[in-house]
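A.B. asks: Below is the structure I would like to discuss, written out as structure tokens.
Read-outs: derived from the displayed coordinates by stated rules, not from any lab. As the structure is a computational prediction, the values presented were derived from the model and not from experiment. In this analysis, Cβ positions are derived from the backbone assuming ideal geometry, glycine residues included, and neighbour counts consider all displayed protein chains.
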Amino acid sequence: MIEIINHGVHYLNGALLCGSEQEQQQALAAAGIGDKGRDGTIAYSILRSHNQSKDNDALQIRFDALISHDITYVGIIQTARASGLREFPIPYALTNCHNSLCAVGGTINEDDHVFGLSAAKKYGGIYVPANQAVIHQYAREMMTGCGNMILGSDSHTRYGALGTMGVGEGGPELVKQLLKNTWDIPAPQVVLVWLEGTPKRGIGPHDVAIALCGKVFKESLVTNKVLEFCGPGVRNLSVDFRIGVDVMTTETACLSSIWETDDKVQEYYKVHGRPEGYKALKPQNGAYYDMAVKIDLSKLESMIALPFHPSNAYTIHELQQNPDLLRQVEAEAKKQFGDKVNFHLTDKAQNGEIHVDQGVIAGCSGGMFDSICEAAAILKDKSTGDGYFNLSIYPSSVPLNLALLKNGVQQTLLEAGAVFKPCFCGPCFGAGDVPANNGLSIRHTTRNFPNREGSKPGDGQLSAVALMDARSIAATARNGGVLTAATDIDYDVPDYTYTFEKSVYDKRVYQGFGKADPTAELRFGPNITDWPQMYALEDNLLLKLACVLHDDVTTTDELIPSGETSSYRSNPLRLSEFALSRREPQYVPRAKAVAKEEAARRAGKSDEVETVLAKVCADAATTAKHTQFGSCVFAKKPGDGSAREQAASCQKVLGGFANICYQFATKRYRSNCINWGILPFTIDPDRAFPYSVGDYVFVPGIRNAIQNGVETIPAKVITKDGVEDLTLYVKGLTEDEKTIILEGCLMNYYKAQMKD
């Protein structure tokens with residue numbers, strides 16, 4: 001089904017060369033083709049054309065367009081404004097698909113939307129009103145172009161199926177682009193995803209994506225690499241199918257993705273009124289890939305990703321045959337939440353069947369035309385039943401929803417008992433269709449992390465999400481909530497032709513690029529506040545561990561919960577109150593206590609700092625004057641999941657100065673830490689970290705070390721039992737990243753430039 005080829009391979013005349021290196025070179029020579037290296041890949045043809053650096057190993061990328069949604073764009077614009085922004089230099093779309101329910105917080109969500117429109121008018125942006133489109137569908141329909149690059153402040157910024165390299169990053173990276181700076185990365189490896197065969201009826205994009213995540217995520221096989229999809233199987237997939245696989249590449253922890261393009265992609269651009277956006281993309285003969293993932297589409301089965309990660313992948317038949325797999329999920333919940341919740345799923349297995357409570361088809365992965373049409377074909381003249389099970393559908397854009405109205409698909413699904421809802425991302429992050437306590441929801445959405453669906457373990461509430469394709473969700477709905485693989489039922493899919501109705505956007509979307517009006521006033525609501533003052537890095541650093549996590553992976557949803565907390569994302573101080581609240585509720589008061597002590601130190605009253613430093617310094621009082629005191633989080637592998645910068649910024653707002661880990665889960669979370677002046681320390685992967693909350697880490701000479709590019713940094717750990725040595729690493733910082741850390745954060749970095 002999926003084969004990993006964990007060594008270099010080449011592309012030649014539409015075929016994959018995967019023998020030994022000698023055999024590959026012989027085949028290239030026989031064809032009269034030289035080894036083109038990575039420069040022969042589609043990925044590097046695009047990266048090179050956007051690179052501003054003369055160093056091919058250290059890329060400095062400028063993007064063609066930017067896109068954000070309404071839990072990120074306020075902070076981005078506020079940061080850029082404080083850093084000297086005058087006008088958006090490239091198209092920047094502000095969509096409103098995350099805080100559109102206005103369910104909590106009074107007026108604050110709509111206040112953000114009003115701010116967004118006023119910013120689009122002032123700086124020359126594109127404003128997409130609430131419920132018109134989810135962020136990535138608008139980008140697909142209106143902003144992509146073959147060979148282009150788009151940077152988005154959302155981790156699922158993936159448009160590779162349309163020939164556009166999409167990258168999801170934290171807000172500060174968009175700030176850099178708005179200020180005409182670059183996205184800096186080491187030259188990435190490229191992984192060839194080679195597709196063969198044709199999916200059988202009932203298999204959809206989520207089946208491919210879940211199987212792929214299950215194969216590569218846990219061993220970090222493609223982390224921070226670019227996935228390039230090619231092979232004879234590509235032509236057997238509709239563009240919607242490709243998009244559905246592509247958007248889920250984020251869950252493999254890859255850097256970006258790109259696909260070869262063909263006449264189907266060309267037709268997509270024609271249908272969307274942008275034929276000029278198409279050009280043929282394919283690898284050059286002799287293109288080299290660092291590894292390959294070979295997928296036989298014809299052998300794929302209906303898949304399910306059990307809680308609490310998209311890589312927790314099984315076939316639906318495996319789960320049906322072994323429902324005790326649900327006990328493993330219960331054990332994982334127990335491990336994470338202890339006695340806070342009484343969580344059980346094994347009772348979903350009844351009389352040889354597995355019963356689920358809810359189905360959701362939504363967002364940038366599930367709310368696609370093909371998937372919803374096929375769900376309707378499965379449910380035609382059927383019923384979702386009158387029991388506990390319910391089915392909700394969120395189309396990804398109003399033009400797409402109009403097409404479903406015109407072809408009768410929406411009527412078919414409504415008649416079967418499904419409910420249609422707005423173009424809204426809520427179910428993906430816990431702000432819509434939150435299931436009942438101990439409920440099991442099956443969703444064609446992007447993630448199923450703990451409490452991603454909106455539950456609150458601290459209050460004894462926990463439900464669970466399993467990811468499935470829309471086809472198997474519809475098959476399950478057809479059976480009243482009894483888990484069913486779409487490959488196990490008979491149905492026929494009519495040949496629907498998609499028509500795109502652009503007039504909706506013409507009437508409602510504000511197209512302000514190139515029309516900046518400096519006289520326009522920004523409109524602020526009472527919840528929109530500026531960032532608090534942040535200070536430059538001092539000579540030494542004393543850290544107090546405020547949270548120690550030994551989970552294999554720590555997600556951004558744990559660092560800053562999603563859901564109703566999103567409403568406070570324009571208010572850094574209020575939002576920071578939620579930091580780690582569903583994973584380590586005492587983190588916030590601990591971090592605040594450290595910040596209070598640091599304020600005292602800055603005022604010359606550093607009792608705690610002097611007391612600790614006395615254990616490692618001859619002159620503690622003098623050293624304390626030059627030693628910043630901040631809180632610190634240790635986690636084995638932090639930052640999997642969302643790109644949202646608040647996972648890092650909330651730590652900094654609370655006085656956090658470092659993360660210590662074995663490895664950062666994603667480049668984007670590490671970048672968020674750096675951009676907020678949080679030291680991204682790593683330690684040797686085979687070194688134990690036996691320290692506890694309340695222990696201290698003293699890093700002498702840290703400012704000088706960062707300034708001079710020292711990557712191996714000696715430190716001292718001070719515990720109640722004594723002092724121990726600890727070696728910390730800060731590897732691969734660019735010159736700009738060094739300066740950002742020294743200045744204390746990205747905003748300070750730009751302010752310093754303005755003074756100069």
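A.B. asks: Just flag the GluC sites (Glu not before Pro) in the range 86-163 sitting in loop per DSSP whose Cβ has no more than 15 other Cβ atoms within 10 Å.
C.D. replies: For GluC sites (Glu not before Pro) across the range 86-163 that sit outside H, G, I, E and B with at most 15 neighbouring Cβ atoms in 10 Å, the list reads Glu87.
A.B. asks: So how much slack lies between Asp263 and Lys720, counting 0.36 nm per residue of separation and subtracting their Cα-Cα distance, in nm?
C.D. replies: 157.7 nm
A.B. asks: So how much slack lies between Thr497 and Thr346, counting 0.36 nm per residue of separation and subtracting their Cα-Cα distance, in nm?
C.D. replies: Working it through step by step, the gained length comes to 50.1 nm.
A.B. asks: If you average the alpha carbon positions of the range 183-228 and of the range 338-385, how far apart do those two centres end up, in angstrom?
C.D. replies: Result: 25 Å between the Cα centres.
A.B. asks: Okay, moving on. Once every DSSP H run of n ≥ 4 in the chain is given -39500 (n - 2.57) and the sum is divided by its residues, what mean residue ellipticity at 222 nm do you get, rounded to the nearest 500 deg cm²/dmol?
C.D. replies: Taking each H run of at least 4 residues, the total per residue is -9000 deg cm²/dmol.
A.B. asks: While we're here: What does the charge add up to near Lys544, with Lys and Arg as +1, Asp and Glu as -1, over the other residues with Cβ less than 11 Å from its Cβ?
C.D. replies: -3
A.B. asks: Cα axis of helix 21-30 to longest principal axis of the chain: angle in degrees, 0 to 90, nearest 10?
C.D. replies: So the helix axis and the longest Cα principal axis differ by about 50 degrees.
A.B. asks: Still on this structure, I have one more. Once both axes come from the Cα atoms, what is the angle between helix 587-602 and the longest principal axis of the chain, in degrees from 0 to 90, rounded to 10?
C.D. replies: Long axis of 587-602 versus the principal axis of the chain: about 30 degrees.
A.B. asks: I want to make sure I understand the PRE zone here: with the label point 7 angstrom from the Cα of Lys507 toward its beta carbon, which residues in the range 387-422 have backbone N atoms less than 18 Å away?
C.D. replies: 397-407, 422
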